[in-house]
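Data block below; observations after.
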Amino acid sequence: MPKGGQQTKHIFITGGVVSSLGKGLTAASIALLLKRRGYSVKLQKFDPYINVDPGTMSPYQHGEVYVTADGAETDLDLGHYERFTDIECTQASNFTTGRIYSNVIKRERDGGYMGGTVQVIPHITDEIKKSIQAVESEDVDIVITEIGGTSGDIESLPFLEAIRQYRQEIGRKNGLFIHMTLVPYLRAAGELKTKPSQQSVSLLRSIGIFPDIIICRSEVELGKEHRDKISLFCNVDKELVIEEKDVENSIYEVPRELKKQKLDIHCLKQLDLQVKPLNMSDWGTMLNRLIHPCNGQVKIGIVGKYISLQDAYKSVYESLTHGGIAQNVKVVLHMVESEKIEECGPEALLRGCDGILIPGGFGDRGIEGKIMAAGFARKHMVPFLGICLGMHCAVIEFARECCGFENANSEEFDPSCADKVIQLMKGQQNVKKQGGSMRLGSKVCKILPDTQAYRIYGKECIEERHRHRFEFNNEYKKIMEENGMIISGVSSDFIAEIIEIPSHKWYIACQFHPEYQSTPLKANPLFKEFIGASLDFSINEKEEEKYAMV
Ligand code: GLN
């Protein structure tokens, strides 16, 4: 309950017709608008799959795993929530069917049901309702809960039944159902079709959920006739049929489009909340810089193994865009498959890049290509940012090329190698459990004065988020430093958190993931300065003669 004992208000967002409608972006946009109208908002997502969390899932299945400050491995939609709203997500912000069931089964094994038969209804649905309450608190006015999946899916039914019950319990004025659907455009017929939306709403109504607001995703504008039809057949007022057309330039335009149709005001009115003034001027300025940057463009090479997957490095791509906004420059992403570098060499694929980034990753496929990319950036003075596995690659390359450890490697890729410059962390040696068992979440890092890292962050103490099992082997610290790669940031338990090469203009790698703490209004300092250095590189040093080997 929020201050004054008033019931926390709830908005439930469901989806219909197809998946990938952008429910997460919509939830984040609504949260931003409501926050900017003076309300304290929390977001949460339910995912109907049986994995306890996405931490063990392949990027091919799930895209990026987003890590919260308190160390939860979560769905990538939580990244949108945090980037749009700057509202911190927690362990209570993402529940899967697997997590709900394992809580219930654990309670059953502990004798918590006193001999009763444990059933989907009421025990699973009660557990889901408890998970909704987990984000309610004294100072939360509105909770937005997104239900993953699509209406009609067998696996989402317990979640839908739970939110139906929840709204019944808290009353109409305290709970709101928003349903997102697709209104497809049939090119051959030159027509928009509302029938799939009608059918998906009818499915929801058959299980007792009557949407209050319908958001229609479409490629083209909805005409009056389409809105009228949806309003009539789906039983919602005309102004509560909201159009969410594909945005032209950036996902950060979605809040502006929804605001134009007063979606935030409709939500507040439906929830019997006062419509307070809205201030989005900083968001407008940000959009303007993003869409019309005045410093030209920089090309950033991203060397990974899932570059064909849009979602695998989502937060990294977004953070690069944030860096571009901060530097008023367009960021062009040039994705490079690391295995291709192994085939063709880095020169062929990375020449022409103004900056090179190696993101996090697991396993040894394509690793030599990433190591070559780190070497290319080092030798050619191209600004370089290595993240987690990217830092491991930078360390291996430097150890091999500059310290004479020809066979240096990471214990992850070659457990029997002679020079394990990257090793399994002590605390990980007996860990057998797969999920939630890495070094996860926010940790403090101390930055050394007079370093590039210090100039970038401007302070001695920072907190960034982690997700790894391997670390820099401190036995090699002295020799690496003697040869010109220093450790400029360390954790309280002496884990190397940042490395850099002072003789290089901008060569930095970090053990943490700065991409989990970057927003369009406030780029993470590492991304901001990486793009700044790439911009300098593109202006000053790109000409052929200056691009020679050093
Ligand atoms: N695979 C490496 C480790 O576990 C790096 C992890 C990452 O890049 N997130 O330490």
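Would you be able to tell me the number of residues in the stretch 456-495 that are within 18 Å of GLY441 (Cβ to Cβ), part of a strand (DSSP E or B) and either open to solvent by 10 Å² or more (accessible area, probe 1.4 Å) or out of contact with any Pro (no Cβ under 7 Å at 6 or more places or on another chain) (or both)?
12
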Item to check | Selection status of GLY98, in a helix (DSSP H, G or I), touching a residue at least 24 places away in the same chain (Cβ under 8 Å) and under 13 Å from the mean Cα position of the chain (by Cα) | outcome: no
Checklist outcome for this item: Subset of the stretch 3-41, residues touching a Phe, Trp or Tyr at 6+ places or on another chain (Cβ under 9 Å) and closer than 25 Å to GLU127 by Cα, comes to LYS9, HIS10, ILE11, PHE12, ILE13, THR14, GLY24, ALA27, ALA28, ALA31
Checklist entry - How many of the residues in the stretch 129-165 are more than 25 Å from the chain's Cα centre (by Cα), among the small types (Gly, Ala, Ser) and either assigned to a helix (DSSP H, G or I) or surrounded by 22 or more Cβ atoms within 10 Å (Cβ to Cβ) (or both)? => result 1
Checklist entry - In the stretch 520-538, is there at least one residue being farther than 19 Å from ILE302 by Cβ, part of a loop (DSSP other than H, G, I, E, B) and open to solvent by 10 Å² or more (accessible area, probe 1.4 Å)? => result yes
Item to check | Filter result for ILE242 (without any contact (Cβ under 8 Å) to a residue 40 or more places away in the chain, surrounded by 15 or more Cβ atoms within 10 Å (Cβ to Cβ) and part of a helix (DSSP H, G or I)) | outcome: no
Checklist entry - When the residues of the stretch 434-455 are filtered to those that are away from the ligand (no atom under 12 Å from the Cβ) and in a strand (DSSP E or B), which remaining residue is surrounded by the most Cβ atoms within 10 Å (Cβ to Cβ)? => result CYS445
Item to check | Every residue from the stretch 117-153 that is more than 23 Å from SER29 (Cα to Cα) and at pLDDT below 95 | outcome: GLU138, GLY152, ASP153
Checklist entry - In the stretch 74-93, what residues are open to solvent by 10 Å² or more (accessible area, probe 1.4 Å) and either part of a strand (DSSP E or B) or among the polar types (S, T, N, Q) (or both)? => result THR90, GLN91
Next on the checklist: Between a residue in the stretch 457-482 that is among the hydroxyl-bearing types (Ser, Thr, Tyr) and any residue that is surrounded by 20 or more Cβ atoms within 10 Å (Cβ to Cβ), which pairs come within a Cβ distance under 7 Å, given they are 6 or more apart or on different chains?
Outcome noted: TYR457/ILE447; TYR457/PRO525; TYR476/ALA399; TYR476/VAL421
Checklist entry - Within the stretch 409-445, restricting attention to residues that are in contact (Cβ under 8 Å) with a residue 24 or more places away in the chain and aliphatic (A, V, I, L, M), which residue is farthest from GLU482 (Cα to Cα)? => result VAL431
Item to check | Subset of the stretch 397-413 [within 14 Å of the ligand (Cβ to nearest atom) and touching an Asp or Glu at 6+ places or on another chain (Cβ under 9 Å)] | outcome: ASN409, SER410, GLU412, PHE413
Checklist outcome for this item: When every residue in the stretch 187-230 that is of a type in the set (S, T, N, Q) and not in a helix (DSSP H, G or I) is compared, the one farthest from ARG172 (Cα to Cα) is SER218
Checklist entry - Scanning the stretch 375-407 for residues that are of a type in the set (Gly, Ala, Ser) and without any contact (Cβ under 8 Å) to a residue 40 or more places away in the chain, which turns out surrounded by the fewest Cβ atoms within 10 Å (Cβ to Cβ)? => result GLY404
Item to check | Odd one out for ASN279 among (1) in a loop (DSSP other than H, G, I, E, B); (2) at pLDDT 95 or above; (3) under 17 Å from ARG36 (Cβ atoms) | outcome: (2)
Checklist entry - Is there a residue being touching a residue at least 40 places away in the same chain (Cβ under 8 Å) and under 26 Å from GLU136 (Cα atoms) anywhere in the stretch 179-192? => result yes
Checklist entry - Inside the stretch 25-58, can you point out the residues that are more than 19 Å from LYS262 (Cα to Cα) and part of a helix (DSSP H, G or I)? => result PRO54, GLY55, THR56
Checklist entry - Just checking, which of SER308, SER319 is open to solvent by less than 10 Å² (accessible area, probe 1.4 Å) and among the polar types (S, T, N, Q)? => result SER319
Item to check | Looking only at the stretch 332-354, and only at residues there that are buried (at least 22 other Cβ atoms within 10 Å of the Cβ) and touching a Lys or Arg at 6+ places or on another chain (Cβ under 8 Å), the one that is nearest to GLN61 (Cα to Cα) | outcome: SER338
Checklist entry - If we scan the stretch 333-353, do we find a residue that is free of Cβ contacts under 8 Å to residues at least 24 places away in the same chain, hydrophobic (A, V, I, L, M, F, W, C) and within 16 Å of the ligand (Cβ to nearest atom)? => result no
Checklist entry - Restricting attention to the stretch 414-433, and to residues there that are in a loop (DSSP other than H, G, I, E, B) and within 12 Å of the ligand (Cβ to nearest atom), which single residue is most open to solvent (accessible area, probe 1.4 Å)? => result VAL431
Checklist entry - How many residues does the stretch 486-539 hold that are in contact (Cβ under 8 Å) with a residue 40 or more places away in the chain, within 16 Å of the ligand (Cβ to nearest atom) and among the acidic types (Asp, Glu)? => result 2
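The values are calculated or read from the model by the stated rules, or taken from the named source; none is laboratory data. Note that this is a predicted model, so its numbers are computed, not measured. Positions of Cβ are generated from backbone atoms using ideal geometry, with glycine treated the same way; all protein chains shown enter the neighbour counts. With ligands, DNA and RNA removed, areas are computed over all heavy atoms of the protein, side chains included. Shrake-Rupley method; radii C 1.70, N 1.55, O 1.52, S 1.80 Å.
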